[in-house]
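For reference, the structure is listed below as structure tokens.
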Amino acid sequence: MARTLAEHFDIVEASDVHDYGAGFAVRDFLSGPPPEPVDWTITNPPFRLAERMVRRAIATSRKGVAIFERTTFIEGIGRWLNLYSKTPPSVVMQFTERVPIHKGRLVPKGSTATAYCWLVWVLEGKRLAPWNQITQLAWIPPCRKRLERDDDYTEESE
């Protein structure tokens with residue numbers, strides 16, 4: 001994701017809690033002092049840590065936060081009480097085609113039964129009271145074939 005974002009943003013800082021050999025900084029976003037403020041935080045957090053990561057990202061981002069997450073993240077009483085009732089997302093962008101995710105590898109013909117979406121909090125400007133915010137729902141049309149590149153897959157991933 002960081003390489004693709006770097007095609008559109010002047011500065012992209014990538015980090016992860018473990019060194020996966022991708023050349024990213026090793027940093028735990030949730031522990032220690034808050035990270036320096038950034039314009040945007042864009043991430044695909046682990047499901048069990050996503051709520052905490054969103055709250056920290058909102059506190060340390062100037063313009064917005066975007067997370068790629070399983071669609072089931074939009075439900076839950078705990079998330080409603082701790083996150084959505086206080087700071088609802090600006091938009092939920094639901095993929096209309098399933099996004100195949102396979103741990104640690106790309107699979108050209110992969111499939112999944114899991115639905116994914118992007119949740120985006122636009123923070124730039126003023127932060128409205130939650131009751132003044134209406135979350136928009138948008139659909140991302142089928143796009144996998146159009147967005148894939150020949151060099152996305154290596155012989156190892158086939």
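The values are calculated or read from the model by the stated rules, or taken from the named source; none is laboratory data. The shown structure was predicted, so the numbers you read here are calculated from the model rather than taken from an experiment. Neighbour counts are summed over all protein chains in view; Cβ atoms, including those assigned to glycine, are modelled from backbone coordinates with ideal geometry. Only protein heavy atoms, including side chains, enter the accessible area calculation; ligands, DNA and RNA are left aside. Shrake-Rupley method; radii C 1.70, N 1.55, O 1.52, S 1.80 Å.
On a full-extension model of 0.36 nm per residue, what is the gain between A2 and L81, subtracting their alpha-carbon distance, rounded to one decimal in nm? If you can, show how the numbers build up before the last one.
Values: separation 79, 0.36 × 79 = 28.44 nm, distance 3.14 nm.
That works out to 25.3 nm of additional length.
Under the rule of at least 5 residues apart or a separate chain, name every residue whose amide H is placed under 5 Å from the amide H of F29.
Excluding prolines and chain starts, which carry no amide H, there are no hits.
Tell me the carbon and sulfur percent of the accessible area for the range 1-99, rounded to whole percent, probe radius 1.4 Å. Numbers along the way, then the final one.
Values: 3400 of 6250 Å².
Solvent-exposed carbon and sulfur of the range 1-99 make up 54 percent of the total.
With r as the distance between the Cβ atoms of I134 and N44 and R0 = 35 Å, compute the FRET efficiency 1/(1 + (r/R0)^6) and round to 0.05. Each step should come with its number before you reach the end.
Details: r = 25 Å, r/R0 = 0.72.
With a Förster radius of 35 Å, E is 0.85.
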